[in-house]
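Only one structure is covered here, and it is reproduced in the block below.
The values are calculated or read from the model by the stated rules, or taken from the named source; none is laboratory data. Given the structure is predicted, the values throughout are model-derived calculations rather than measurements. FYI the Cβ positions are ideal-geometry reconstructions off the backbone, even for glycines, and counts take in every protein chain you see.
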Amino acid sequence: MICFTTGRGSCYENKPVPSIKIASNSAMYARMQDDMDLNCGAIAEGSESEAEAGQRVFEAILETASGSKTRSEELDVGQAEFATWQTYAHM
């Protein structure tokens with residue numbers, strides 16, 4: 001499992017690994033909430049503590065590990081992000 005933080009709205013997904021995307025600011029989350037799993041921008045705004053946001057991240061990890069789908073999995077995207085290493089010389 002990957003917990004990927006973004007402040008600029010990177011649309012990172014990574015099949016076959018579930019990727020929980022965490023927005024670091026609320027403005028970006030509002031624009032991209034269909035692609036983000038969690039908004040932790042409330043920490044910077046002062047309306048949520050780091051411990052509270054950390055608890056939400058921890059719960060999302062447990063839910064995902066228990067079978068809940070991330071946004072990327074729901075959208076069925078991310079297959080282009082994963083590439084195995086080449087085992088031969090390529091010219």
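Numbers at a glance
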| read-out | value |
| --- | --- |
| Test result for residue 56, in a loop (DSSP other than H, G, I, E, B), among the basic types (Lys, Arg) and farther than 16 Å from residue 69 by Cβ | no |
| Top-ranked residue in segment 33-79 [being β-branched (Val, Ile, Thr) and within 18 Å of residue 18 (Cα to Cα); ranked as surrounded by the fewest Cβ atoms within 10 Å (Cβ to Cβ)] | 61 |
| Verdict on residue 57 being over 19 Å from residue 76 (Cα atoms) and in contact (Cβ under 8 Å) with a residue 12 or more places away in the chain | yes |
| Qualifying residues in segment 63-77 (those that are part of a helix (DSSP H, G or I) and hydrophobic (A, V, I, L, M, F, W, C)) - the one modelled with the lowest pLDDT | 75 |
| Which numbered condition residue 88 fails, given (1) aromatic (Phe, Trp, Tyr); (2) at pLDDT below 95; (3) surrounded by 10 or more Cβ atoms within 10 Å (Cβ to Cβ) | (3) |
| Unique residue being among the small types (Gly, Ala, Ser), more than 12 Å from residue 3 (Cα to Cα) and modelled with pLDDT of 90 or more when the list is 42, 23, 60, 80 | 42 |
| Scan of segment 18-33 for residues that are out of contact with any helix residue (DSSP H, G or I) (no Cβ under 7 Å at 6 or more places or on another chain) and not in a helix (DSSP H, G or I), ordered by number | 24, 33 |
| Residue within segment 38-51 that is over 8 Å from the mean Cα position of the chain (by Cα), closer than 15 Å to residue 72 by Cβ and without any contact (Cβ under 8 Å) to a residue 12 or more places away in the chain present | no |
